[in-house]
Each structure stands twice: as C-alpha cells, then as structure tokens.
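**Student:** Encoded as structure tokens, here's the structure I'll be asking about.
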Amino acid sequence: MLKDISISSAVFKIIPSFQCGVNIYRDIVIDDSPGMLRGRMDFFHKQIQMDLLDQSIYDYTGVRQWQQILEHAGLIDRSLPPLHEQLYKNLQADNIPPSEHSGEDLIHFFNLQYETPVILIDADTVFDYVKIGFGVEQDQLQITENHLHPMYGQIIAKDRKKTLASLSGPGLYSRTSRSTTTAIQLTFMRPQLSKESAAELTEAVGNMFTQIHGGTSESRLLRAASPVWELSL
C-alpha cells in the first residue's frame, strides 16, 4: 500500500524553488496509441526537427533552464540526461524510438510539449512510499537487465526497497506496460515556474492522460511549503 509521496528537505537546500506535480491514475487502460495522439506526435516531431535545423536543443527554454539548474547544483550526469533533453537529442539525430504503448507515448509528448522531465511509474511496483531526494552511495537505477547506473548525488525517486526513477526516466522494473492499471506521474517542474502555473499544469496533464486512458486522476503539487502528500492507495 502506498502511504505517501514526498520530497526530501535536502532537495530544497540545493534547489529552494524545486516543485514536482504528482498525478495518481487509477483504473486506466494502456494500449496502442489512438490515431489522434499518433498524428499529433508525428506533426510535433517534424516541427521540432525543422526547428533544430537552425538551432540548438539548448535554445529551448526548458532544456536550457534544467541544464543550468543541474549544472549550478553540481548534478549534471552527461551519460544520463533528463528525459526531455534526451528526447530532443533523439529528434535532432533523427533517432525516434518505436512506440511501446499509449502511456509512454503521451509521457514523451508531455516532455517535449512542456520542456521538462515527466516520468510515469507503475504504482503496483512501489513499496510503501515514494520519496524524491538525492541518491546515496548504494542507490542504483536498473536501466536494463545488465546495466545498473549509480545514482549517488542525483535526483531520484525511491521507495523502501529500490530506486524507482530519475529525471531520465523510470527504472526497468518500475515502467508501465499494457497491463498497468494504476500509475504515478511525476512532473518535475521548472523551478522558475510559479506555484499557480505549476498547479495548473499538474491538473492539465492529468486531464489529458485520463481523456486517452480513462480512469481517474488525483493530483497534488509538492513544494517546499507542502512537501508531503499522505494518502492510501
């Protein structure tokens, strides 16, 4: 049972304006992406690729701001960049991964649309709690069956037993699939975003997710003034 979702106080000492929008989705159905979503993504991808012919990915405000924030805080991991940055790099290299399912497709769309890391976790893989904080020496993210990535000093989400995700995406055993019915979405807001805009964005992405996947969305914005969401799932 999921008891709470929280942000460690250590994060606010390094990034005082850190905010994370949390959505809990229940009774969802993940399948192939509908034609509407595929068409919108194809158009968006082509538009970005055209833009990247004449500009750098760091000309995108969200990509640049996150790089500056992580660099200033000494949290840059060149081998594991934030998910939104990696997706822009993939588009620049004309390396678009095949669609896995509607949940992943929509999360990738959110990353590109809002220029900020957005991560989706299968809630049934979580033990007791989700805590967002800095990785300690023993924390590792299972990227593939054969690759454990050290997460010391990096921003991660973990439960009682393991690292669930980082800004780069969920771990291998936390990812959603077509059998997922309950999920947790973490939208790591640009710290420059106002509280009101961050709260509106959290609600907006939840509404769009449930429009496509059905079910319900319950949301909360976690920040320094309210870093804990106590719940029962």
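**Student:** Starting from residues that are among the aliphatic types (A, V, I, L, M) and buried (at least 24 other Cβ atoms within 10 Å of the Cβ), keep the ones in the stretch 157-174 and report whichever is nearest to ASP77 (Cα to Cα).
**Tutor:** Taking the stretch 157-174 and keeping what is among the aliphatic types (A, V, I, L, M), we get 157, 164-165, 167, 172.
Checking which are buried (at least 24 other Cβ atoms within 10 Å of the Cβ) leaves us with 157, 164-165, 167.
Values: ALA157: 16, LEU164: 17, ALA165: 14, LEU167: 10 Å.
Filtering the stretch 157-174 for residues that are among the aliphatic types (A, V, I, L, M) and buried (at least 24 other Cβ atoms within 10 Å of the Cβ), the one nearest to ASP77 (Cα to Cα) comes out as LEU167.
**Student:** Give the stretch 31-50 a look and list any residue that's open to solvent by less than 80 Å² (accessible area, probe 1.4 Å) and under 22 Å from LEU201 (Cβ atoms), or say none.
**Tutor:** Answer for the stretch 31-50, where residues must be open to solvent by less than 80 Å² (accessible area, probe 1.4 Å) and under 22 Å from LEU201 (Cβ atoms): SER33, LEU37, MET41, PHE44, HIS45, ILE48.
**Student:** Among the residues of the stretch 44-59, count how many are within 22 Å of the chain's Cα centre (by Cα) and farther than 12 Å from LYS89 by Cα.
**Tutor:** Total satisfying the criteria: 2.
**Student:** Then there's this: Give me a count of the residues in the stretch 190-210 that are within 15 Å of the chain's Cα centre (by Cα) and not in a helix (DSSP H, G or I).
**Tutor:** Total meeting the criteria: 2.
**Student:** For the list (1) in a loop (DSSP other than H, G, I, E, B); (2) open to solvent by 10 Å² or more (accessible area, probe 1.4 Å), I need the number of the one condition that THR180 fails.
**Tutor:** Unmet condition: (2).
**Student:** Sort out which residues of the stretch 158-169 are under 16 Å from THR187 (Cα atoms) and part of a loop (DSSP other than H, G, I, E, B), and write them in order of number. Explain how you work it out, then say what you get.
**Tutor:** The first filter runs over the stretch 158-169 and keeps only residues under 16 Å from THR187 (Cα atoms), leaving 158, 164-169.
Matches in the stretch 158-169: LEU167, SER168.
**Student:** Are there any pairs, at least 6 apart or on different chains, whose C-beta atoms fall under 8 Å, with the first in the stretch 192-206 and β-branched (Val, Ile, Thr) and the second assigned to a helix (DSSP H, G or I) and open to solvent by less than 50 Å² (accessible area, probe 1.4 Å), and if so, which?
**Tutor:** What qualifies is VAL205/PHE110.
**Student:** Tell me the strands (runs of 3 or more DSSP E) entirely within the stretch 70-157 that contain at least 3 residues that are in contact (Cβ under 8 Å) with a residue 12 or more places away in the chain. First the steps, then the outcome.
**Tutor:** On the way: elements: 118-122, 129-134, 140-144, 147-150.
Passing ranges, in order: 118-122, 129-134, 140-144.
**Student:** Scanning for something open to solvent by 60 Å² or more (accessible area, probe 1.4 Å), under 18 Å from PHE127 (Cα atoms), outside any loop (DSSP other than H, G, I, E, B) and of a type outside the set (Asp, Glu), does the stretch 211-232 turn up at least one residue?
**Tutor:** There is at least one residue in the stretch 211-232 that is open to solvent by 60 Å² or more (accessible area, probe 1.4 Å), under 18 Å from PHE127 (Cα atoms), outside any loop (DSSP other than H, G, I, E, B) and of a type outside the set (Asp, Glu).
**Student:** Before we move on, is ILE24 of a type in the set (A, V, I, L, M) and open to solvent by less than 10 Å² (accessible area, probe 1.4 Å)?
**Tutor:** Details: of a type in the set (A, V, I, L, M): yes; open to solvent by less than 10 Å² (accessible area, probe 1.4 Å): yes.
Yes, satisfied.
**Student:** May I ask you to list the residues in the stretch 1-56 that are over 20 Å from GLN211 (Cα atoms) and among the hydroxyl-bearing types (Ser, Thr, Tyr)?
**Tutor:** Residues satisfying the conditions are SER6, SER8, SER9, SER17, SER56.
**Student:** Regarding the stretch 33-41, can at least one residue be identified that is in contact with a strand residue (DSSP E or B) (Cβ under 7 Å, 6 or more places away or on another chain) and either free of Cβ contacts under 8 Å to residues at least 24 places away in the same chain or acidic (Asp, Glu) (or both)? Walk me through how you get there before you give the answer.
**Tutor:** We begin by selecting, within the stretch 33-41, every residue in contact with a strand residue (DSSP E or B) (Cβ under 7 Å, 6 or more places away or on another chain); these are none.
Within the stretch 33-41, none of the residues are in contact with a strand residue (DSSP E or B) (Cβ under 7 Å, 6 or more places away or on another chain) and either free of Cβ contacts under 8 Å to residues at least 24 places away in the same chain or acidic (Asp, Glu) (or both).
**Student:** Mind telling me which of the residues PHE109, PHE134, PHE127 ends up being under 28 Å from LYS13 (Cβ atoms), open to solvent by less than 70 Å² (accessible area, probe 1.4 Å) and of a type in the set (A, V, I, L, M, F, W, C)? Steps first, please.
**Tutor:** On the way: PHE109 fails: under 28 Å from LYS13 (Cβ atoms); PHE127 fails: open to solvent by less than 70 Å² (accessible area, probe 1.4 Å).
One residue alone meets the criteria, PHE134.
**Student:** Yes or no: the stretch 14-35 includes at least one residue that is of a type in the set (Phe, Trp, Tyr), within 19 Å of the chain's Cα centre (by Cα), part of a loop (DSSP other than H, G, I, E, B) and modelled with pLDDT of 95 or more. Let's see the steps before the verdict.
**Tutor:** The first filter runs over the stretch 14-35 and keeps only residues of a type in the set (Phe, Trp, Tyr), leaving 18, 25.
If we keep only those that are within 19 Å of the chain's Cα centre (by Cα) as well, we get 18, 25.
From what is left, the residues that are part of a loop (DSSP other than H, G, I, E, B) are 18.
Of the ones still in play, those that are also modelled with pLDDT of 95 or more are 18.
Scanning the stretch 14-35 turns up at least one residue that is of a type in the set (Phe, Trp, Tyr), within 19 Å of the chain's Cα centre (by Cα), part of a loop (DSSP other than H, G, I, E, B) and modelled with pLDDT of 95 or more.
The values are calculated or read from the model by the stated rules, or taken from the named source; none is laboratory data. Values in this document were obtained by computation on a predicted structure and should not be read as measured data. Neighbour counts run over all protein chains shown; Cβ positions are idealised from the backbone, glycine included. These accessible areas exclude ligands, DNA and RNA; they are computed on the full protein's heavy atoms, side chains included. Shrake-Rupley method; radii C 1.70, N 1.55, O 1.52, S 1.80 Å.
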